[in-house]
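Novice: Dumping the structure here so I can ask a few things about it.
The values are calculated or read from the model by the stated rules, or taken from the named source; none is laboratory data. Since we're looking at a predicted model, the values are computed, not measured. For neighbour counting, all protein chains shown are included, and Cβ atoms are generated from backbone atoms with ideal geometry for every residue, glycine included.
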Amino acid sequence: MNVSSSFSSTTTSAFGSQPSPAFVSTIEVMDDSKLSDSEKVEKYCISLVKFLQDDYDSESYDPGGRYNFKMELGRKYWKIHDGNGVHAFVDRNTGDVFKPASWKSPSKGVRYNLLDEYSRLSCLDKADWAGSYLYVRG
């Protein structure tokens with residue numbers, strides 16, 4: 001099963017390019033107490049992807065919009081990619097966030113855990129579109 005989700009787009013009208021209305025999935029509005037751990041991981045991945053896209057869009061590096069962050073469902077991981085390469089891997093069951101080692105696999109060593117509230121908030125606080133928050137600092 002290969003599911004891909006994108007959360008940012010623009011439409012062109014007589015008035016020029018306009019951002020499309022924000023896409024909100026059902027899982028985003030559900031109360032966490034009603035979700036399984038894997039559903040919570042999906043919900044928090046969506047939040048991370050939206051945050052990364054907003055961070056990229058707020059910069060003036062590339063007015064052409066070269067990056068479009070998406071989630072792709074794999075057997076074990078959610079793969080977060082930007083259209084050019086993999087940004088991060090998130091374990092679907094445990095919520096562990098990994099820096100990518102390649103297009104197909106994560107590196108060793110958990111960077112954050114999305115199911116742990118403190119770790120998730122730390123991840124979102126430090127996250128940037130370029131991925132510097134995924135490097136281990138000594």
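Novice: So which pairs qualify, if the first residue must be in segment 56-69 and at positive phi, the second must be at pLDDT 85 or above, the Cβ gap must be under 8 Å, and the two must be at least 6 apart or on different chains?
Specialist: Gly65/Asp57
Novice: In segment 90-107, how many residues are in contact with a helix residue (DSSP H, G or I) (Cβ under 7 Å, 6 or more places away or on another chain) and part of a loop (DSSP other than H, G, I, E, B)?
Specialist: 4
Novice: Here is a list: Gly95, Gly83. Which entry is on the phi > 0 side of the Ramachandran plot and at pLDDT 95 or above?
Specialist: Gly95
Novice: For residues in segment 110-132 being modelled with pLDDT of 95 or more and crowded, with 19+ Cβ neighbours inside 10 Å, which is nearest to Ser58 (Cα to Cα)?
Specialist: By that ranking, first place goes to Cys123.
Novice: Answer yes if at least one residue in segment 116-130 is among the acidic types (Asp, Glu), touching a residue at least 60 places away in the same chain (Cβ under 8 Å) and assigned to a loop (DSSP other than H, G, I, E, B), and no otherwise.
Specialist: yes
Novice: Collect the residues in segment 81-109 that are surrounded by fewer than 19 Cβ atoms within 10 Å (Cβ to Cβ) and farther than 16 Å from Glu42 by Cβ, keeping them in residue-number order.
Specialist: Gly83, Asn84, Gly85, Ala101, Ser102, Trp103, Lys104, Ser105, Ser107, Lys108, Gly109
Novice: Separate question: Since Arg75 meets every condition but one in (1) at pLDDT below 85; (2) part of a loop (DSSP other than H, G, I, E, B), which condition does it not meet?
Specialist: Arg75 satisfies every listed condition except (1).
Novice: Write out, first by first residue and then by second, each pair whose Cβ atoms fall under 8 Å of each other, whose residues are 6+ apart or on separate chains, and whose first residue, in segment 35-55, is under 17 Å from Asp96 (Cβ atoms) and basic (Lys, Arg) while the second is at pLDDT 95 or above and surrounded by 15 or more Cβ atoms within 10 Å (Cβ to Cβ).
Specialist: What qualifies is Lys40/Gly95; Lys40/Leu114; Lys40/Leu115.
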